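Scroll down for the structure; my scribbles are underneath it.
The values are calculated or read from the model by the stated rules, or taken from the named source; none is laboratory data. Keep in mind that this is a model prediction, so the values were computed, not measured. We place every Cβ from the backbone using ideal geometry, glycine too, and count neighbours over all the protein chains shown.
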């Protein structure tokens, strides 16, 4: 296990991105609430590694709780995707494993061959609801994305059937669950499933960040609504200082400078972590290290 993780880190450093997101989500679920602890902002310190925001909240807690806003629906969507792909593979194994040379090969079409504007459809769905929910948004993204993943898995299973690989595995007396689990889901199809899981999670995350930026739709924890989209909406004006310059009192903390620092931190997290997941969703290049 450690050797595989070390090998993966050596090849693709972006595999750290889901680990960092899960770590932040754990801090968000188990850590302290992002409640005001003082008046005004503060620079980073040992007690507050990312400083205190303009509302007097520890910014690390704000970031961590904001991650839970899309990690929970994203993981649920990924588990549902893996279950659907596993069911599709099991159904394929119920058919004869020898190739049917007389059957024409069907080309992907319909939803499987199209790329629907998922964010637009999710936004329309949210407008029809009285209380927008991250779980509903994640479900809509899953339903729209699922045909794409199912089509690729079906194509790979068809290739195996034409190469008579499945027939050979069955001829050696391997039980069905071993062919399904060890040989296919954890073997031949593992890279495909991992790519689609990363792509789906990233789409759910971006969708939820956009929804919370536009509508303030976020998960509620102990009476507090916190999400990356809402925080970016609050910190956005601090990215561009006013023409007359930042107002920094001669004594005390420059609130605008702290706000600008927090906005840059949030933008960096979105670009690095979700951008890393997008790279994981790309197929590995042949011969790449």
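Quick one: which of 87, 5, 9 is at pLDDT 85 or above and in a helix (DSSP H, G or I)?
Details: 5 fails: at pLDDT 85 or above; 9 fails: at pLDDT 85 or above.
Exactly one residue qualifies, and that residue is 87.
The set of residues in the range 169-190 being surrounded by 12 or more Cβ atoms within 10 Å (Cβ to Cβ) and at pLDDT 80 or above consists of 184, 185, 188, 189.
Suppose we keep only residues that are in a loop (DSSP other than H, G, I, E, B) and within 20 Å of residue 38 (Cβ to Cβ) within the range 251-289. Which one would you say is modelled with the highest pLDDT?
254
Only residues that are in contact with a helix residue (DSSP H, G or I) (Cβ under 7 Å, 6 or more places away or on another chain) and either outside any helix (DSSP H, G or I) or without any contact (Cβ under 8 Å) to a residue 60 or more places away in the chain (or both): list them for the range 189-215, please. Within the range 189-215, 189, 192, 213 meet the criteria.
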